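The values are calculated or read from the model by the stated rules, or taken from the named source; none is laboratory data. Bear in mind the structure is a predicted one, so any value in this text is a computation, not a measurement. Every residue, glycine among them, receives a Cβ derived from its backbone with ideal geometry; neighbour counts consider all protein chains shown. Heavy atoms of the whole protein, side chains included, go into the accessibility calculation; ligands, DNA and RNA do not. Shrake-Rupley method; radii C 1.70, N 1.55, O 1.52, S 1.80 Å.
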Amino acid sequence: MPEDRGSGGTEPSSRVRPRAVPVISGIVAAEATALLAAAAWYGFQLASGAPVMSFWGAVFTLGLLLAFAAWLYAVAVFLFRGFRWPRAGALVAQLFVLTIGFPTLTGGLPLAGAAMLIPAATAIVLLFDKRVIRFASRAASDPPAL
């Protein structure tokens, strides 16, 4: 079909990266950076002797923060490259952010809540854009998107 071809006529238009993809990847990467900062602060508090109920529980929590930040960085990079699987990961992460953002907004921290809700809602809307869906449909065996 002519509308499925790029300007050169040889490349499908699904390989042209829509503007929404870098926006979503940027939001997810920013969330990963925020988690990494929280992990650094948590680790500093743990190392400086802040009281905790369970030391190993705190170490486990720190490990979860670091693992989730690494996972979000991977989601951002592979979504930017056009893989299929990161869309679900990005959606789940945004739903988690929404579950934290609403109570934050209504609990007396409106700026922090809005800082979580607005990017998460934006990412969710953009994840369902048909151009993003078409672009982010590459399986692992397809040629590289970059």
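If only one of Thr33, Thr61 is at pLDDT below 95, among the β-branched types (Val, Ile, Thr) and part of a helix (DSSP H, G or I), which one is it? Break it down stepwise before answering.
Details: Thr33 fails: at pLDDT below 95.
None of the other options fit; the residue is Thr61.
Which of (1) without any contact (Cβ under 8 Å) to a residue 60 or more places away in the chain; (2) over 28 Å from Leu46 (Cα atoms); (3) surrounded by fewer than 17 Cβ atoms within 10 Å (Cβ to Cβ) is the odd one out, the single condition Phe60 does not satisfy? So the condition that Phe60 fails would be (2).
Residues satisfying the criterion are absent from region 96-112 (criterion: open to solvent by less than 70 Å² (accessible area, probe 1.4 Å) and under 22 Å from Val16 (Cα atoms)). Being at pLDDT 95 or above, open to solvent by 30 Å² or more (accessible area, probe 1.4 Å) and assigned to a helix (DSSP H, G or I) is a property that Leu91 has. Is region 114-121 home to any residue that is open to solvent by 90 Å² or more (accessible area, probe 1.4 Å) and modelled with pLDDT of 95 or more? There is at least one residue in region 114-121 that is open to solvent by 90 Å² or more (accessible area, probe 1.4 Å) and modelled with pLDDT of 95 or more.
Among residues of region 44-55 that are modelled with pLDDT of 85 or more, those with a beta-carbon under 6 Å from a residue that is surrounded by 10 or more Cβ atoms within 10 Å (Cβ to Cβ) at least six positions away or on a different chain give the pairs Leu46/Ala58. Figure legend. Inter-residue proximity from region 119-132: first residues touching a residue at least 40 places away in the same chain (Cβ under 8 Å), second residues of a type in the set (S, T, N, Q), beta-carbon distance below 6 Å, spacing 6+ or different chains. Indicated pairs: Ala120/Gln94; Ala123/Gln94.
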